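The values are calculated or read from the model by the stated rules, or taken from the named source; none is laboratory data. Keep in mind that what you see is a predicted model, and the values were worked out from it rather than measured. Cβ coordinates were reconstructed from backbone atoms using ideal geometry, including for glycine residues, and neighbour counts include every protein chain displayed.
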Amino acid sequence: MEKAINIPATTLPVMESFYTLQGEGAHQGKAAYFIRLGGCDVGCVWCDVKESWDADAHPQKSIDVIVNTALQAVPAAYRLAGNNNIIAVVTGGEPLLYDLELLTKALQAAGFRTHIETSGSSKMSGVWDWICLSPKKFKAPLPEVIPFANELKIIIYNKSDFAWGEKFAALTNADCKLYLQPEWSKAATVTPLIIDYIKANPQWQLSLQVHKYIDIP
């Protein structure tokens, strides 16, 4: 199992990074630069990026290299600090295995909005404009992480996941957006169930992995 680092990381294992559109959740359809970190302590059986799990399989990159690579990927007009119009999404793996304070401060100084996608299995770190919490049954989120979430995304794999997700929704802050998202391999089966559930429980919204439908990263 990976263990959380308790000091701000000056280098991070980067599996991949790319400029695309956010395909899921509250910011779906917006331009976003993704930074996928290696290392995971959750290990979902249906994970579609299992190659991210082993941190040692991915090169360590300095914060400067990560941020400068991000700047080179976005349009020149946004390479000046202070624009804050393009999202940088830090994901994994499980990104909170690392203390992300230095990375997030550097991204914000370069003009990015900082977003994270996390299971919440490790303590919160970093300075974030948006926190998407997607708890997993394989390792529950830390209770102290849940109130930080701007967005709760529950992956629906079977019928029992609805009641399981409600337990976390009850712990979120009043402004947190609630999403139900079909697990990709079960989408044909569970999407109709999600639609019916949302109609009966309209505090929830539907999240689809649009990037997979339109075949972009």
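With (1) under 24 Å from L206 (Cβ atoms); (2) of a type in the set (S, T, Y); (3) in contact (Cβ under 8 Å) with a residue 12 or more places away in the chain as the list, and S160 as the residue in question, which single condition is left unmet?
(3)
Do we have V45 as farther than 27 Å from P147 by Cβ and modelled with pLDDT under 95 here?
Answer is yes for this residue.
How many residues, within the range 168-185, are surrounded by fewer than 17 Cβ atoms within 10 Å (Cβ to Cβ) and touching a residue at least 40 places away in the same chain (Cβ under 8 Å)?
Summing the residues that are surrounded by fewer than 17 Cβ atoms within 10 Å (Cβ to Cβ) and touching a residue at least 40 places away in the same chain (Cβ under 8 Å) in the range 168-185 gives 2.
For residues that are in a loop (DSSP other than H, G, I, E, B) and in contact (Cβ under 8 Å) with a residue 24 or more places away in the chain, scanning just the range 187-213, find the one that is surrounded by the fewest Cβ atoms within 10 Å (Cβ to Cβ).
Let us first name the residues in the range 187-213 that are in a loop (DSSP other than H, G, I, E, B), namely 201-203, 207-209.
Cutting the leftovers down to in contact (Cβ under 8 Å) with a residue 24 or more places away in the chain gives us 203, 207-209.
Values: Q203: 9, S207: 25, L208: 18, Q209: 17.
Taking the candidates together, the pick is Q203.
Please go through the range 60-91 and pick out each residue that is of a type in the set (S, T, N, Q) and at pLDDT 90 or above. So that I can check it myself, show each step before the final result.
Within the range 60-91, the subset of a type in the set (S, T, N, Q) is 60, 62, 68-69, 72, 83-85, 91.
Hits for the range 60-91 are Q60, S62, N68, T69, Q72, T91.
Write out, first by first residue and then by second, each pair whose Cβ atoms fall under 8 Å of each other, whose residues are 6+ apart or on separate chains, and whose first residue, in the range 47-68, is in contact (Cβ under 8 Å) with a residue 12 or more places away in the chain and over 16 Å from L96 (Cβ atoms) while the second is in a loop (DSSP other than H, G, I, E, B) and β-branched (V, I, T).
S62/T10; I63/T10
Please determine, by comparing only the residues of the range 146-186 that are at pLDDT below 95 and in a helix (DSSP H, G or I), which one is nearest to S121 (Cα to Cα).
W184
Determine whether the range 89-108 contains at least one residue that is surrounded by fewer than 18 Cβ atoms within 10 Å (Cβ to Cβ), of a type in the set (D, E, K, R) and either closer than 23 Å to K186 by Cα or over 18 Å from the mean Cα position of the chain (by Cα) (or both).
no
Does any residue of the range 103-120 turn out to be among the basic types (K, R) and without any contact (Cβ under 8 Å) to a residue 24 or more places away in the chain?
Yes, some residue in the range 103-120 is among the basic types (K, R) and without any contact (Cβ under 8 Å) to a residue 24 or more places away in the chain.
Do you know which residues across the range 135-144 are buried (at least 16 other Cβ atoms within 10 Å of the Cβ) and in contact (Cβ under 8 Å) with a residue 40 or more places away in the chain?
Of everything in the range 135-144, those that are buried (at least 16 other Cβ atoms within 10 Å of the Cβ) and in contact (Cβ under 8 Å) with a residue 40 or more places away in the chain turn out to be K136, K139.
Would you check which residues across the range 109-138 are of a type in the set (A, V, I, L, M, F, W, C) and under 29 Å from S160 (Cα atoms) and list them? Steps first, answer last, please.
Filtering the range 109-138 down to residues of a type in the set (A, V, I, L, M, F, W, C) leaves 109-110, 112, 116, 124, 127-128, 130-133, 138.
Across the range 109-138, the qualifying residues are I116, M124, W130, I131, C132, L133, F138.
Go through the residues of the range 186-197 one by one and say whether even a single one is of a type in the set (S, T, N, Q) and farther than 18 Å from C47 by Cβ.
Yes, the range 186-197 has at least one match.
Starting from residues that are more than 16 Å from the chain's Cα centre (by Cα) and among the polar types (S, T, N, Q), keep the ones in the range 166-185 and report whichever is farthest from V45 (Cα to Cα).
N173
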